[in-house]
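Participant: Pasting in a structure now, in structure tokens, and then I'll have a few things to ask.
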Amino acid sequence: MKNIALVGFMGTGKTTVGKILARRMNYAFVDIDALIEKEQGAAITRIFSEFGEPYFRKLEADMISRLSCQEGLVISAGGGAVMDSRNVDNLKMCGSLVCLTASPEVILKRVGGSTHRPLLKTPDPLGRVKELLAARAPYYARADITVDTDGLTAEEAAGRILDLVGEL
């Protein structure tokens, strides 16, 4: 059973679409951030503020390494997981890597009111989203499949992913 790993920027639908995919495929849904929070006994925002992003990225890489070749999973990886090529390699080794995208404006609309997004705690969140998307674009391009979630319901995005994964 080949895994499906979802990557992409925050607010592109990784968790929502991932849960639908898992249900449709009778796979388990795994959210890397949620597992880290459970293991660490702390929210991602707290981990970032108390220990810094490099510490969080190590936890993330370790979790991805542990999960990547289990079978029958839909894995939702954090938005920055692709910045470490080992994560991309691990996720692709035992499954399809799907990048979900959305426009900066849609992303900000989806997550703008959220208080648990440490990378958006800035005076210009839209500018920060654009900056981070540009920096991560080459990493997201390593995905096997890219699905733009602008204008799609989560159900439609899941359907599109299933169609495209079936073509691989």
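The values are calculated or read from the model by the stated rules, or taken from the named source; none is laboratory data. Every value quoted in this text rests on a predicted model; they were computed, and no experiment measured them. Positions of Cβ are backbone-derived with ideal geometry, glycine not excepted, and every protein chain shown enters the neighbour counts.
Participant: Could you list all residues from segment 11-38 that are among the acidic types (Asp, Glu) and in contact (Cβ under 8 Å) with a residue 24 or more places away in the chain?
Facilitator: Asp31, Asp33
Participant: Additional query: Starting from segment 138-164, keep only residues that are within 13 Å of Val106 (Cβ to Cβ), then list their pairs with residues that are part of a helix (DSSP H, G or I) and of a type in the set (D, E, K, R) whose Cβ atoms are within a distance under 8 Å, requiring at least 6 positions of separation or different chains.
Facilitator: Cβ pairs passing all conditions: Leu152/Arg160.
One line per residue, one yes/no per condition, for (1) of a type in the set (D, E, K, R); (2) at pLDDT 95 or above:
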residue: Lys2; (1), (2): yes, no
residue: Ala5; (1), (2): no, yes
residue: Leu21; (1), (2): no, yes
residue: Tyr27; (1), (2): no, yes
residue: Asp31; (1), (2): yes, yes
residue: Gly41; (1), (2): no, yes
residue: Ile44; (1), (2): no, no
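Participant: In this structure, is Arg128 surrounded by 13 or more Cβ atoms within 10 Å (Cβ to Cβ), part of a helix (DSSP H, G or I), touching a Ser or Thr at 6+ places or on another chain (Cβ under 8 Å) and charged (D, E, K, R)? Write out each step before concluding.
Facilitator: Values: surrounded by 13 or more Cβ atoms within 10 Å (Cβ to Cβ): yes; part of a helix (DSSP H, G or I): yes; touching a Ser or Thr at 6+ places or on another chain (Cβ under 8 Å): yes; charged (D, E, K, R): yes.
Judged against the criteria, Arg128 is a match.
Participant: Also, quick follow-up: Those residues that are over 18 Å from Ala34 (Cβ atoms), out of contact with any Lys or Arg (no Cβ under 7 Å at 6 or more places or on another chain) and among the charged types (D, E, K, R), I need them from segment 62-95; list them, please.
Facilitator: Glu71, Arg86, Asp89, Lys92, listed by residue number.
Participant: How many of the residues making up segment 131-168 are surrounded by fewer than 17 Cβ atoms within 10 Å (Cβ to Cβ) and of a type in the set (S, T, N, Q)?
Facilitator: Summing the residues that are surrounded by fewer than 17 Cβ atoms within 10 Å (Cβ to Cβ) and of a type in the set (S, T, N, Q) in segment 131-168 gives 2.
Participant: On to the next question. Which residue pairs have Cβ atoms under 6 Å apart, sit 6 or more places apart or on different chains, and have a first residue in segment 55-71 that is aromatic (Phe, Trp, Tyr) and a second that is surrounded by 13 or more Cβ atoms within 10 Å (Cβ to Cβ)?
Facilitator: Taking only residues 6 or more apart or on different chains, the pairs are Phe56/Ile47; Phe56/Phe48.
Participant: Can you tell me how many residues in segment 151-167 are under 16 Å from Thr12 (Cβ atoms) and of a type in the set (Val, Ile, Thr)?
Facilitator: The number of residues fulfilling the criteria is 2.
Participant: Of the residues that make up segment 4-21, is at least one basic (Lys, Arg), part of a helix (DSSP H, G or I) and within 11 Å of the chain's Cα centre (by Cα)? Talk me through it step by step, then tell me what you get.
Facilitator: At the first step, the residues of segment 4-21 found to be basic (Lys, Arg) are 14, 19.
Subset that is part of a helix (DSSP H, G or I): 14, 19.
Okay, now just the ones that are also within 11 Å of the chain's Cα centre (by Cα), so 14.
Yes, some residue in segment 4-21 is basic (Lys, Arg), part of a helix (DSSP H, G or I) and within 11 Å of the chain's Cα centre (by Cα).
Participant: Name the residue, out of Ser85, Ser65, Ser96, Ser103, that is at pLDDT 85 or above and touching a strand residue (DSSP E or B) at 6+ places or on another chain (Cβ under 6 Å).
Facilitator: Working: Ser85 fails: touching a strand residue (DSSP E or B) at 6+ places or on another chain (Cβ under 6 Å); Ser65 fails: touching a strand residue (DSSP E or B) at 6+ places or on another chain (Cβ under 6 Å); Ser103 fails: touching a strand residue (DSSP E or B) at 6+ places or on another chain (Cβ under 6 Å).
One residue alone meets the criteria, Ser96.
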